[in-house]
Amino acid sequence: MSSASADVVATSAPPPPSSAPAPPIGWLRAHATFYGGADASGTMGGACGYGNLYAQGYGSRTAALSTVLFNDGASCGQCYKIACDRKLEPTWCKPGVTVTVTATNFCPPNLELPDGGWCNSQRPHFDMAQPSWEKIGIASRGIIPVIYQRVPCVRRGGVRFMINGHDYFNLVLVTNVGGAGSIKSMDVKSSDSADWMPMARNWGANFHSMAYLSGKMLSFRVTITDGQTLVFTNVVPAGWTFGMTFASNLQFKSSP
């Protein structure tokens, strides 16, 4: 469960003054730094548990969220459209450009700084993969004011389930989630039972159950944070083993 850390110290730029013009309707203000290198190799892994972000289809359009945005992992998979705020920083913002990123990591407060730095527990902040950040800002600056809004996630293919853990502890990583992108709740049902068993968020986008399900055909019922629910019937075939990933042919709609 690795976490990102902003590459720029808090003295790089002051917070916007209280007299700053209001952002456009539907947009909120934050700041953004970058991490992970020009090839985004340093963004792999992360506190959502997605592992290799290229292999999972997220690529370099990702970001680590500060505490108030990350919400203890409940925001994993959410998508945000971000633009550099030229009204506050016309010199270092690229004009007329937005980038949409997926939340894949956590940017923790910097306990070496009195206020916790840019990713402190109160401030909305995006520590973006460098290639995404450079679409909207000039890299020699290092930190920029941004405006952002939640947007639906558009994914290719269906929702995927990777099963880790061991007997009596099934840890299921859910990836490639469209719509709201983030998961509210999840249940599992085995082929030898008529009952759904609730799963609990273990960390990030990983949910666990404490039942013996090894090798059984499994179905999942997933509810995302906009209220949509899908049932993935028999998405995991009998005879599966830990470490395997199973792709469904179902995907959440962009809007409920």
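Please work out the FRET efficiency for the pair A247 and E112, using the Cβ-Cβ distance as r and a Förster radius of 45 Å; give the result to the nearest 0.05. Walk me through the numbers on the way to the answer.
Numbers: r = 43 Å, r/R0 = 0.95.
E(calc), rounded to 0.05, equals 0.60.
If you rank E89, E112, E134 by fewest surrounding Cβ atoms within 10 Å, what's the result?
On the way: E89 19, E112 8, E134 16.
In increasing order of surrounding Cβ atoms, one gets E112, E134, E89.
Sequence neighbours fewer than 8 away in the same chain don't count; with that in mind, list the aspartates and glutamates whose C-alpha is under 20 Å from K87.
Within the straight-line cut-off, K87 pairs with E134.
Taking 7 Å along the Cα-to-C-beta vector as the label spot, tell me the S185-T223 distance in nanometres, rounded to one decimal.
0.3
What is the Cα radius of gyration of the chain over 2.2 N^0.38 Å, N being its residue count? Let's see the in-between values first.
On the way: Rg = 19.4 Å, N = 256, 2.2 N^0.38 = 18.1 Å.
Against the compact-globule rule of thumb, the ratio is 1.07.
Would you please classify the overall shape of segment 160-247 from the alpha carbon gyration tensor, given that a ≥ b ≥ c denote the square roots of the eigenvalues, rounded means a/c under 1.5, and beyond that prolate means a/b larger than b/c while oblate covers the rest? Walk me through the numbers on the way to the answer.
Values: a/c = 1.60, a/b = 1.44, b/c = 1.11.
It is prolate, given that a/c is not under 1.5 and a/b is the larger ratio.
Nearest 20 debye, what's the magnitude of the dipole of the chain about its Cα centre given +1 on Lys and Arg Cβ and -1 on Asp and Glu Cβ?
On the way: 19 positive and 14 negative charges, 154 e Å.
For the chain, the charge dipole is close to 740 debye.
Which whole-Hz ³J(HN,Hα) couplings does segment 153-166 yield from phi under the Karplus relation 6.51 cos²θ - 1.76 cosθ + 1.60, θ = phi - 60°, glycine and proline marked x?
Here the 3J(HN,Hα) series is 8, 10, 10, 8, x, x, 5, 10, 10, 10, 9, 10, x, 6 Hz.
Each value in this text was obtained by applying a stated rule to the coordinates, not by laboratory testing. In this text the structure is predicted, and so the values were computed from the model without any measurement. All Cβ positions, even for glycine, are placed from backbone atoms using ideal geometry, and neighbour counts span all protein chains on display.
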